[in-house]
Amino acid sequence: MNQDFVIPRRRRRVRPYLDLTAMIDVVFNLLIFFAVASTVVGARTALPLRLPSAETVQPVPERVVVTLLPGEPARIDGKSVAAGGIRAALKEAAGLEADTQVVIVADEEVSYAQLVGVLDEVRLADYHRIALAASPKQGDGRARESRR
């Protein structure tokens, strides 16, 4: 008779448990990743340049970068180049391809004469796709479309 009437046993309720150790590890790894990534990005722009600003700034893909700082020799892709060696250094950096775009990144305090001299050297090296770098203007957020 006892077998007909069975009282169900009460199960112990398991409390939900959240392991914070794994979550802290993930957050710490993300923190390290972004810290390392930001230092790598900062290393590319280590030169103290203040670019002039323009509303029609556009990114340039394949290129050779010529950097001009006041009172310093020109740099081509980060390597210092004497005034007379710009042509040879350009040909070495571009791999003798005349279709390569040359971007001149000049500090706003570089003299006009130095800028024109480098432009002349680039043209004499037979490069015709020349661009001057600028930073975007800070303003109302509307950028004008460039005319081609």
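The values are calculated or read from the model by the stated rules, or taken from the named source; none is laboratory data. Keep in mind the model is a prediction, meaning the values are calculated, not measured. Positions of Cβ are backbone-derived with ideal geometry, glycine not excepted, and every protein chain shown enters the neighbour counts.
General remarks:
- Candidate set: segment 89-135, residues that are more than 21 Å from residue 70 (Cβ to Cβ), touching a residue at least 24 places away in the same chain (Cβ under 8 Å) and more than 22 Å from the chain's Cα centre (by Cα); chosen: the one surrounded by the most Cβ atoms within 10 Å (Cβ to Cβ): 127
- Looking only at segment 136-148, and only at residues there that are surrounded by fewer than 11 Cβ atoms within 10 Å (Cβ to Cβ) and at pLDDT 60 or above, the one that is nearest to the chain's Cα centre (by Cα): 138
- Once segment 48-72 is narrowed to residues that are over 20 Å from residue 112 (Cα atoms) and in a loop (DSSP other than H, G, I, E, B), the residue that is modelled with the lowest pLDDT is 60.
- If you go through segment 73-84 and keep only what is part of a loop (DSSP other than H, G, I, E, B) and closer than 18 Å to residue 103 by Cβ, you end up with 73, 77, 78.
- Any chance residue 110 is under 26 Å from residue 53 (Cβ atoms), at pLDDT 85 or above and not basic (Lys, Arg): no
- Boolean, residue 37 is under 17 Å from residue 122 (Cβ atoms), exposed (fewer than 15 other Cβ atoms within 10 Å of the Cβ) and at pLDDT 80 or above: no
- Scanning segment 79-91 for residues that are modelled with pLDDT under 80 and in contact with a strand residue (DSSP E or B) (Cβ under 9 Å, 6 or more places away or on another chain) turns up 83, 90.
- Breaking point among (1) surrounded by 10 or more Cβ atoms within 10 Å (Cβ to Cβ); (2) assigned to a loop (DSSP other than H, G, I, E, B); (3) at pLDDT 80 or above, for residue 24: (2)
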